[in-house]
Amino acid sequence: NEINEVPFFDVQLPYELALKIFRYLGKAELGRCAQVSRTWKILAEDEVLWYRLCQEEGYLLDTSISWKLALKNCRAREHMLKTNWKNRVGAVSQLRYEPGRVLCDVHSCDGVVMAGYTSGEVRLWDTRTWDYTAPGLATRGGGGGVGPPPHVSFVRINSSLAVAAYEDGTVSVWSLLLGREPIHHFQHNQRIQALALAPGGTAVATASGFEVKVESPNDKGFWQTPGTFEIQKLVNFLNLVPDVTGSPVAVAAAEDIVYLLKAEDPGKVLHSVYGQPVTCLDVSAHEAAFGIKTFGWLLNEPNQILLYNLETNQCVTKVGNSIGDFSCVSLHNSPPNMLVAGNKDRRVRVFDVRRGEAACSLYAHQLGVSAVQMDEWKIVSGGEEGLVCVWDQRMGTKLWEMHARHPVRYVWFNSHSLITANIPEEKNPRGSSITDDDPSVHRKYRGIIYSYEFSVDQLAVESVLPICRSSYDELTGYNYNIGLAVPYDSI
């Protein structure tokens with residue numbers, strides 16, 4: 001009776017028991033079993049099996065007619081995106097805001113890009129739609145309107161909040177759900193050296209002078225200061241630990257000292273070696289990675305990256321063996337047990353934390369590496385000379401590159417998009433004046449943000465060509481701001 005029982009050649013098994021056996025098979029094995037007989041085909045195409053495979057692959061769809069077809073489509077889309085990444089197939093857009101004058105800082109979260117300018121303005125782009133514009137976030141008016149507005153020093157954004165710090169020590173916080181008006185302000189007496197925003201939370205940390213302040217809203221939405229920490233030296237790098245329950249936890253690097261800042265233990269020193277300053281810092285949920293500059297030729301000791309466990313406060317491993325300083329490190333966005341770092345010796349290195357050694361080393365840039373990120377198969381790096389390179393990690397080869405005028409200070413990507421920012425070092429170019437409508441700052445001095453979209457099938461759904469992305473609602477004199485698609489022969 002093949003309706004209730006499944007023939008396993010010499011044994012008759014109930015359908016539910018046979019289904020439980022088939023649960024241990026993968027996609028390829030289920031495909032082979034479907035060719036054995038008609039009964040096995042029905043069993044191998046059961047929706048319960050393919051729903052489990054969809055969950056294991058991470059394809060959590062709300063509704064689907066056929067889970068086998070859904071898995072097939074998702075895998076085909078993954079293959080298409082990987083092919084487009086390797087061959088640089090897709091659309092490239094320039095995110096510019098001409099009245100903002102010179103670009104100061106850029107940050108993004110899930111395709112929403114935040115940029116701060118020397119005019120004191122803060123703009124947002126949503127690159128998930130083809131007709132995106134740059135809405136501005138309202139800022140609090142300056143003191144009596146005397147003098148030009150302060151430059152934007154830092155910007156940070158996550159899924160719910162956007163934060164900007166200004167040169168006069170002012171910090172503004174906006175809610176992405178409530179609109180353009182800021183929901184919170186606070187002021188420092190000195191210039192802000194570092195700004196941090198929790199990736200999945202609402203805590204904001206700032207470093208000014210010898211003080212680190214952490215602000216977060218309570219259950220009723222009122223902002224409070226759960227912690228203020230006194231630091232012995234000026235802070236160079238500041239990060240908030242993600243996925244922390246309770247009071248926020250921050251990691252601050254002040255010259256040659258790394259602090260773990262908790263409300264219950266405010267003065268915890270994670271690492272301190274006199275004369276060995278920290279050159280870069282990144283933090284994950286349970287670990288912190290930072291590069292240190294050793295005495296070098298004096299003691300014949302190379303520069304390294306230290307990995308500390310934030311729960312035990314102990315050094316897990318030391319990786320790297322370089323004469324140059326490590327200029328950037330990515331731990332939070334890297335695959336498990338891996339981290340990638342850029343160095344001033346012009347190399348990008350991928351480290352296996354378990355083995356404590358480099359998995360690959362790439363000669364990447366001419367003037368040192370300034371930004372880097374990796375996933376399971378590729379690496380994206382940016383250099384001081386303005387070059388953005390995409391690498392195949394396993395093959396150790398360069399796939400393609402793009403160049404702009406200024407150093408690459410920000411790199412972020414996901415499966416289908418890439419955001420890069422070339423930010424000028426000089427915020428006041430020669431010949432510019434302090435007036436608001438100064439035309440003397442040429443476009444080449446302003447810096448630029450690039451948005452790459454590799455899911456060309458989504459762009460093809462919209463019948464309008466993505467050549468003209470300007471809404472023509474900007475100020476007079478800037479209506480020529482048209483972003484062209486690359487390559488042009490696809491128009």
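A compact table of results
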{"item": "Test: residue in region 339-360 that is of a type in the set (S, T, N, Q) and surrounded by fewer than 18 Cβ atoms within 10 Å (Cβ to Cβ)", "result": "no"}
{"item": "Positions within region 352-381 being in contact with a Lys or Arg (Cβ under 9 Å, 6 or more places away or on another chain), closer than 19 Å to Asp282 by Cα and touching a residue at least 40 places away in the same chain (Cβ under 8 Å), in sequence order", "result": "Gly368, Val369, Ser370, Ala371"}
{"item": "Residues of region 34-50 satisfying the condition of being assigned to a helix (DSSP H, G or I) and either crowded, with 18+ Cβ neighbours inside 10 Å or touching a Leu at 6+ places or on another chain (Cβ under 7 Å) (or both)", "result": "Trp40, Leu43, Ala44, Val48, Leu49, Trp50"}
{"item": "Qualifying positions in region 372-413 - surrounded by fewer than 17 Cβ atoms within 10 Å (Cβ to Cβ), farther than 21 Å from Ala359 by Cβ and out of contact with any strand residue (DSSP E or B) (no Cβ under 6 Å at 6 or more places or on another chain)", "result": "Arg405"}
{"item": "Residue within region 321-330 that is among the acidic types (Asp, Glu) and either open to solvent by less than 10 Å² (accessible area, probe 1.4 Å) or under 22 Å from Phe295 (Cβ atoms) (or both) present", "result": "yes"}
{"item": "Residues being in contact (Cβ under 8 Å) with a residue 40 or more places away in the chain, more than 17 Å from Val340 (Cα to Cα) and not small (Gly, Ala, Ser) - total across region 382-404", "result": "3"}
{"item": "Residue that is most open to solvent (accessible area, probe 1.4 Å) [pool: residues in region 281-293 that are within 17 Å of Leu310 (Cβ to Cβ) and in a strand (DSSP E or B)]", "result": "Glu287"}
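The values are calculated or read from the model by the stated rules, or taken from the named source; none is laboratory data. The shown structure was predicted, so the numbers you read here are calculated from the model rather than taken from an experiment. Ideal geometry is used to build each Cβ from the backbone, glycine not excepted, and the neighbour counts take in all protein chains shown. Areas reflect the complete protein model, heavy atoms only, side chains present, ligands, DNA and RNA absent. Shrake-Rupley method; radii C 1.70, N 1.55, O 1.52, S 1.80 Å.
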